[in-house]
Amino acid sequence: MRARWLKAFKRFAREKSGAAALEFAMVAIPFFLLTFGLAEVAMIGFTQTTLDYAVSETAREIRTGATQTNRATSGAVKQGAVRRA
């Protein structure tokens with residue numbers, strides 16, 4: 001039984017016809033994981049930057065008194081932040 005497995009393994013090791021497919025399978029999974037991971041990190045960074053800008057601009061309006069002079073309600077301030085985001 002063991003000799004049969006050994007013989008089959010040796011035959012498999014000599015065969016070169018599927019080498020490219022096997023090498024691609026070994027490299028493709030880490031490549032796509034890294035590619036999609038990088039895309040995910042980029043989307044998170046973009047979202048973080050957008051939200052940071054919206055909060056910064058809304059806070060600036062509150063600090064400078066622009067919301068008080070326009071008699072803006074808290075709902076209006078929230079809506080303005082959502083519009084910027």
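Brief remarks follow.
- Proportion of all alpha-carbon pairs of the chain beyond 19 Å (%): 67
- For the chain: accessible area per residue (Å², 1.4 Å): 91
- Residue-span extension gain [Ala39 to Ala66] - 0.36 nm each, minus C-alpha spacing: 5.9 nm
- In plain terms, the chain from Ser56 to Ile29 could stretch by 5.7 nm, reckoned as 0.36 nm per residue minus the Cα-Cα distance.
- Cα long-axis angle, helix 74-84 against the chain (0 to 90 degrees, to the nearest 10): 50
- Rounded to whole Hz, the Karplus (6.51, -1.76, 1.60) HN-Hα couplings of the stretch 42-50, x for glycine and proline: 5, 5, 5, x, 5, 5, 4, 5, 5
- With the helix formula -39500 (n - 2.57) applied to DSSP H stretches of n ≥ 4, the chain reaches a computed 222 nm mean residue ellipticity of -29500 deg cm²/dmol.
- Subtracting the Cα-Cα distance of Arg83 and Glu15 from 0.36 nm times their residue separation leaves 18.3 nm of extension gain.
- Apolar share of the accessible surface for the chain: 68 percent from carbon plus sulfur atoms, 1.4 Å probe.
The values are calculated or read from the model by the stated rules, or taken from the named source; none is laboratory data. Note that this is a predicted model, so its numbers are computed, not measured. Areas reflect the complete protein model, heavy atoms only, side chains present, ligands, DNA and RNA absent. Shrake-Rupley method; radii C 1.70, N 1.55, O 1.52, S 1.80 Å.
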